[in-house]
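Novice: Pasting a structure below so you can have a look.
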Amino acid sequence: MISEDKVPLRKPLLDVLSGLEPTRTPLWLMRQAGRYLPEYRQTRSKARDFLDLCYTPELAVEVTLQPLRRYDLDAAIMFADILLIPDALGQNVAFREGEGPVLEPVRGRDALAGLNTEGLHQKLAPVYETLRQLAQRLPPPMTLIGFAGAPWTVATYMVEGRGSPNQAAAKSWAYTDPIGFDVLIQLLVDATAEYLIAQVDAGAEVLQLFDTWAGNLPPSQFNRWCIQPTADLIRQVKAARPDVPIIGFPRGAGPLYGDYVEATGVNGVSIDTGLSLAWAAKNLQKKIAVQGNLDPLALVAGGDILKSETDKIFAALAGGPHIFNLGHGIVPETPPEHVAELVSLVRSQDGQ
Ligand code: CP3
């Protein structure tokens, strides 16, 4: 008989990303920690502001674990934000109530002089501490996910100074002075590679790259500002930590998801709600694990539409490596009991 401690630990998310058959369909949800949970709002009120929440390990660990206490999920995603990198590079970043992020805009080459990686690890040390504590506390079958924003998406916030519907400021710079804009992108590639390597050393087992605004690049610019920087970043991370699986999320990329999967070196790809499941099964899943893509608003609705949409995702993707997730993050209006409903729908697909 094999004693308990010799049985290899099976982690469904890691198994799928390594090309193995998982014990069940791995399930986690983007923004699984957040304002839809009353206990998140309570912990959030103990912090001075949102950045303080991200930089206080005790509170960040607590909000990371909250959804796992309620729901049978396969992964924890560390609680942080993609805009910690601009903050750590020396840009002024603030999150204002009801307004979202506000940054002092970086416009043009001169503004780059104030940014550098000197204080990076010192500033981000609380994030590494959060990961170390989570790695100790997470129940064994759960996988710990670290993350960062992809260079293009982070650059859009740095240049615009806030969220924007069309990323006009970043695009204008990229179009009128591509060499100068590339200096910013390269700075982000190098800083983000260092950040992700440190996350792995602190206990992250999988990394996800959020490229929320990839789909707003025209196809002619997609290679230069989405694929190439992502490939470069992944090359740097894998040169240092070859075994860590990386999931890419080039939201809205449409058919360019195919090029992204071919050329970036990702081990898994997160598909947005707009991507055809049949297309993803045919063109992506033969090469790589596919994560997604339930509409977050179907989760708000619950009931019949939640069930039928979940069924459709399984019908299309259950034949290959699949990680169940949403097509974008949970929205604050989501009733927490609908998440419980979704978890049982996903588990019943596996006969559990
Ligand atoms: O998924 C998780 O549970 C981990 C935590 C996480 C957050 N942000 C916490 C957060 C992750 C992975 C992110 C990623 C992130 N942050 C992205 C990429 C993914 C996406 O949603 O497209 C982007 C673009 C950001 C930047 C950002 N952070 C914006 C635009 C905003 C304001 C909009 C909003 O939802 O309020 C944030 C704030 C933010 N990040 C919140 C949370 C829980 C809400 C802050 C609050 O409590 O007031």
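The values are calculated or read from the model by the stated rules, or taken from the named source; none is laboratory data. The model shown is predicted, which means the values in this text are computed figures rather than measured ones. Glycine also receives a Cβ, built like all others from the backbone with ideal geometry; neighbour counts cover every protein chain displayed. Keep in mind that these areas ignore ligands, DNA and RNA; they rest on the heavy atoms of the full protein, side chains included. Shrake-Rupley method; radii C 1.70, N 1.55, O 1.52, S 1.80 Å.
Novice: When only residues in the range 246-277 that are hydroxyl-bearing (Ser, Thr, Tyr) and in a helix (DSSP H, G or I) count, which is farthest from Gln291 (Cα to Cα)?
Specialist: Thr264
Novice: Could you tell me which residue of the range 215-230 is farthest from the chain's Cα centre (by Cα), considering only residues that are assigned to a helix (DSSP H, G or I) and surrounded by fewer than 19 Cβ atoms within 10 Å (Cβ to Cβ)?
Specialist: For the range 215-230, the residue satisfying everything is Ser220.
Novice: For the range 100-111, enumerate the residues that are open to solvent by less than 20 Å² (accessible area, probe 1.4 Å) and either more than 20 Å from Thr192 (Cβ to Cβ) or in contact (Cβ under 8 Å) with a residue 60 or more places away in the chain (or both).
Specialist: Result: Val106, single match.
Novice: On to the next question. Restricting attention to the range 197-214, which residues are out of contact with any Gly (no Cβ under 6 Å at 6 or more places or on another chain), of a type in the set (S, T, N, Q) and open to solvent by less than 10 Å² (accessible area, probe 1.4 Å)?
Specialist: Once the filter is applied, which keeps residues that are out of contact with any Gly (no Cβ under 6 Å at 6 or more places or on another chain), of a type in the set (S, T, N, Q) and open to solvent by less than 10 Å² (accessible area, probe 1.4 Å), the range 197-214 yields only Gln208.
Novice: Could I ask something else about it? Looking at the range 43-77, which of its residues are in a strand (DSSP E or B) and open to solvent by 10 Å² or more (accessible area, probe 1.4 Å)?
Specialist: Answer for the range 43-77, where residues must be in a strand (DSSP E or B) and open to solvent by 10 Å² or more (accessible area, probe 1.4 Å): just Ile77.
Novice: When you check Val16 against the structure, is it assigned to a helix (DSSP H, G or I) and in contact with a helix residue (DSSP H, G or I) (Cβ under 6 Å, 6 or more places away or on another chain), yes or no?
Specialist: no
Novice: Limited to the range 315-352, what total is found for residues that are in contact (Cβ under 8 Å) with a residue 40 or more places away in the chain and either at positive phi or in a helix (DSSP H, G or I) (or both)?
Specialist: Residues in the range 315-352 being in contact (Cβ under 8 Å) with a residue 40 or more places away in the chain and either at positive phi or in a helix (DSSP H, G or I) (or both): 9 in total.
Novice: Can I ask one more? Given the residues Lys307, Lys282, Lys312, which is the only one that is surrounded by fewer than 16 Cβ atoms within 10 Å (Cβ to Cβ) and more than 23 Å from His338 (Cβ to Cβ)?
Specialist: Selected residue: Lys282, the only one of Lys307, Lys282, Lys312 that is surrounded by fewer than 16 Cβ atoms within 10 Å (Cβ to Cβ) and more than 23 Å from His338 (Cβ to Cβ).
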